[in-house]
Amino acid sequence: MKIPAPLVLILLSAGLLAGCSKQTATPAPASAPAKIKIGFLVKQPEEPWFQFEWKGADAAAKQYGFEVVKLGVTDGEKVMTAIDSLVAGGAQGFVICTPDVRLGPAIAARAKLKGLKLITVDDQFVSADGKFMTEVPYLGMSASKIGAAQGEALYAEMQRRGWPVAETAVCAITFEELDTARERTDASIAALRAAGFPADRIFKAPQKTTDIPGSLDAANILLTQHPDVKRWLVLGMNDNAVLGAIRATEGRGFTAENVIGIGINGTDCIDELRKAKPTGFHGSMLVSAPQEGFQTAEMLYHWIKDGTVPPADTRTSGILITRENFEQVLRKEGIID
């Protein structure tokens with residue numbers, strides 16, 4: 001820890017005086033232990049998901065009496081700057097959703113060098129050989145289970161409406177560069193196929209950017225390629241992936257009557273579900289962002305305070321929310337008042 005210059009002078013002066021004195025110095029009373037401080041770093045601080053994770057971390061801090069420093073880190077340089085800032089501010093560890101999982105080795109090395117404990121949330125670190133870094137504790141949703149639940153929910157709603165398969169196709173918005181995203185969409189597609197949906201009517205639309213405009217562009221290309229499809233099932237790695245595709249279908253004249261979109265997260269679609277007129281966005285597989293924020297902050301606190309090392313891999317699951325039940329569920333989760 002870097003000692004401020006004025007304090008260095010004070011300590012040096014005290015040492016010199018002690019050396020000149022023949023008297024035995026009276027031991028100073030033990031100082032009170034410093035308050036535990038942790039960082040909570042997220043890649044997209046403007047997104048509701050991460051804001052709700054911060055809200056959960058704040059709840060944990062209030063319950064246990066520690067401090068949370070919330071920082072947005074949109075690229076690798078900002079991550080390293082944030083780590084240095086946490087050290088200078090007296091933090092003992094941090095939780096992070098990294099802007100790039102490939103930064104994992106560098107982040108872990110920096111944390112070790114600075115003596116900080118580290119937990120990853122949402123996106124698991126990937127090592128240089130492309131494998132997950134199991135040596136860094138991780139908490140996130142089960143990508144395969146949540147994806148499968150998304151696919152099953154899409155098929156169930158299609159069946160409930162009595163849609164003929166011959167007139168229906170799947171628009172799968174993908175971002176396969178991110179392992180977590182690929183696991184979700186692959187599992188969703190696998191669940192649809194397992195339920196009996198024909199593989200040759202499932203179409204992937206790769207997005208170049210992981211936001212609504214990126215999804216909208218990807219879906220528009222796919223819709224142009226398949227003008228004969230009368231009804232669409234829409235899936236993607238998160239709410240925004242599906243919302244972008246819904247906007248694209250609306251631009252082609254599709255409505256809630258012939259589109260079923262189900263997202264993942266449940267926090268970026270609140271305004272959509274509140275719209276007076278239903279859209280093709282049918283619902284979302286809710287994973288509790290406040291709970292993930294609370295749980296990771298809690299685990300880090302006990303690791304720092306009690307030496308309790310978190311499990312290497314902790315997974316959460318989700319439930320389907322729709323226009324009919326989202327307010328009740330989100331209110332119970334503390335996401336809306």
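Things to note:
- Residues satisfying the criterion are present in the range 175-185 (criterion: within 30 Å of P99 (Cβ to Cβ), buried (at least 19 other Cβ atoms within 10 Å of the Cβ) and of a type in the set (G, A, S)).
- Residue within the range 151-171 that is buried (at least 20 other Cβ atoms within 10 Å of the Cβ), in contact (Cβ under 8 Å) with a residue 60 or more places away in the chain and at positive phi present: no
Per-residue answers, yes or no, for (1) at pLDDT below 50; (2) part of a helix (DSSP H, G or I); (3) assigned by the TED database to the domain that holds T267:
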residue	(1), (2), (3)
L9	yes, yes, no
A18	yes, yes, no
A28	yes, no, no
L41	no, no, no
Q44	no, no, no
K62	no, yes, no
V87	no, yes, no
T98	no, no, no
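- Residues in the range 251-280 that are charged (D, E, K, R), farther than 19 Å from E167 by Cα and surrounded by fewer than 21 Cβ atoms within 10 Å (Cβ to Cβ): 4 in all.
- Put simply, of G147, G151, G104 the only residue that is assigned by the TED database to the domain that holds D211, under 22 Å from Q44 (Cβ atoms) and modelled with pLDDT of 95 or more is G147.
- Against the numbered list (1) closer than 27 Å to L154 by Cβ; (2) out of contact with any His (no Cβ under 8 Å at 6 or more places or on another chain), I262 comes up short only at (2).
So that you can scan it fast, the table gives a plain yes or no per residue for (1) over 21 Å from the mean Cα position of the chain (by Cα); (2) of a type in the set (D, E, K, R):
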site	(1), (2)
I270	no, no
R274	yes, yes
H282	yes, no
V287	no, no
A297	no, no
W303	yes, no
R315	no, yes
V329	no, no
G334	no, no
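- Filter pass, A61 being surrounded by fewer than 19 Cβ atoms within 10 Å (Cβ to Cβ) and hydrophobic (A, V, I, L, M, F, W, C): no
- In the set A187, A191, only one residue is in a helix (DSSP H, G or I), in contact (Cβ under 8 Å) with a residue 40 or more places away in the chain and within 17 Å of R315 (Cβ to Cβ); that residue is A187.
- Look at the range 58-76: where a residue is over 20 Å from T98 (Cα atoms) and a partner is of a type in the set (K, R), sitting 6+ places away or on another chain with Cβ atoms under 7 Å, you get F66/K35; F66/K37; E67/K35; E67/K37.
- Residues of the range 113-168 that are farther than 18 Å from I321 by Cα and of a type in the set (S, T, Y): T120, S127, T134, Y138, S144, T168.
- Meets criteria (surrounded by 17 or more Cβ atoms within 10 Å (Cβ to Cβ), of a type in the set (K, R) and outside the structural domain of T209 (by the TED database)) for K117: yes
- Here A143 does not qualify as surrounded by fewer than 20 Cβ atoms within 10 Å (Cβ to Cβ) and without any contact (Cβ under 8 Å) to a residue 60 or more places away in the chain.
The values are calculated or read from the model by the stated rules, or taken from the named source; none is laboratory data. Computed from a prediction, not measured in an experiment: that's the story for all the values here. Using ideal geometry, Cβ is built from the backbone for each residue, glycine included, and neighbour counts are taken over all protein chains shown.
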